[in-house]
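Some notes on the structure that comes next.
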Amino acid sequence: GAVVSQHPSRVICKSGTSVKIECRSLDFQATTMFWYRQFPKQSLMLMATSNEGSKATYEQGVEKDKFLINHASLTLSTLTVTSAHPEDSSFYICSAREKGQGGTGELFFGEGSRLTVL
Amino acid sequence: RKEVEQDPGPFNVPEGATVAFNCTYSNSASQSFFWYRQDCRKEPKLLMSVYSSGNEDGRFTAQLNRASQYISLLIRDSKLSDSATYLCVVLRTGRRALTFGSGTRLQVQP
């Protein structure tokens, strides 16, 4: 099946620094990728929808200037957490649907990136 | 009210038991339904889609009741390896991203 790779899997950083997380679709093209965040014992919450070649669409309450999303190619989307604070510590997961599959095609998930901000 | 609601559990069952999870969704415009499985500190993985007529995949049976906006998952002959969190997931009409419930935790004991 399709594979989505996410990197890094785990990152620890100091408060105030920025962290970039990469999400790659390895064997398919994805015009749209989704970024989710999951706090312990809570559901995955959609942060933003990343669109290849255009601006990301952010969910209500998610600061676009703090969570920078770039989707420069059909196989790569990046999420940068700027000026990270301890409350940004979470599990960030990307997902992608193969181009042309439509809204009901299977969504493939990256392995997730666990961010800890000290 | 959450868009997708699940009993968080945990459900502690012995090996070989049958266990059922329920889920309700609030948006009647929801069009597609899924059960995902998430192991501790891992990404979610698709377990099965849920169809209006109900569907079965081995030991797993999923049911959908659109009138009651209710989805269920039945696991027969539970295995130790079934221990995980089961996420009820909904795709709303006109929306590309999935909406996740907070999950029901299952612990199968020897």
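Left without a cysteine partner by the 4.7 Å Cβ rule in chain B: B:Cys40.
A Förster radius of 45 Å, combined with the Cβ-Cβ distance separating B:Ser68 from A:Ser9, puts the computed FRET efficiency at roughly 0.65.
Our coupling estimate for segment A:42-48, obtained by passing each phi through the Karplus curve with A = 6.51, B = -1.76, C = 1.60 and θ = phi - 60°, is 10, 7, 5, 10, 5, 9, 6 Hz, Gly and Pro reported as x. Remark: mean inter-chain Cβ contacts per residue of A:48-55 equal 1, using a 10 Å Cβ-Cβ cutoff to other protein chain atoms. Across the alpha-carbon atoms of chain B, the computed radius of gyration and Dmax are 13.4, 44 angstrom. Share of pairwise Cα-Cα distances greater than 27 Å in the protein assembly as shown is 35 percent (whole percent).
Put a dot 7 Å past the Cα of B:Asn27, heading toward its Cβ, do the same for A:Glu106, and the two dots end up 2.4 nm apart. Averaged over peptide B:87-99, the number of partner chain Cβ atoms lying within 10 Å of each residue's Cβ comes to 4. Averaging the Cα positions of each part gives two centres, and for segment B:1-58 and segment A:20-95 these lie 24 Å apart. For the residues of B:42-53, the average number of beta carbons from a partner chain within 10 Å of their own beta carbon is 3. Computed on the Cα atoms alone, the convex hull of chain A gives a volume of 100 cubic angstrom per residue.
Taking a point 7 Å out from the Cα of A:Leu74 in the direction of its Cβ, the residues of segment A:38-58 whose backbone N falls within less than 17 Å of it are A:51-54.
My understanding is that a pair violates if its Cα-Cα distance is over 21 Å; which of A:Lys20/B:Lys42; A:Lys41/B:Lys2; A:Lys99/B:Lys45; A:Lys14/A:Lys66; A:Lys41/A:Lys64; A:Lys55/B:Lys42 do that in this structure?
Details: A:Lys20/B:Lys42 19 Å; A:Lys41/B:Lys2 15 Å; A:Lys99/B:Lys45 19 Å; A:Lys14/A:Lys66 16 Å; A:Lys41/A:Lys64 25 Å; A:Lys55/B:Lys42 28 Å.
Flagged as over cut-off: A:Lys41/A:Lys64; A:Lys55/B:Lys42.
Set the Förster radius R0 to 41 Å, insert the Cβ-Cβ distance between B:Arg1 and A:Lys55 as r into 1/(1 + (r/R0)^6), and round the FRET efficiency to 0.05.
Details: r = 31 Å, r/R0 = 0.75.
According to the calculation, E is roughly 0.85.
For a quick check: sort A:Glu52, A:Glu59 by the number of other beta carbons within 10 angstrom, fewest at the front. Don't skip to the end; give the middle numbers.
Details: A:Glu52 17, A:Glu59 14.
Final ranking by Cβ density, sparse to dense: A:Glu59, A:Glu52.
Just so you know, all these numbers are worked out from the coordinates, no wet-lab data involved. Keep in mind that this is a model prediction, so the values were computed, not measured. Here the Cβ is made from the backbone with ideal geometry for all residues, glycine too, and neighbour counts use every protein chain on show.
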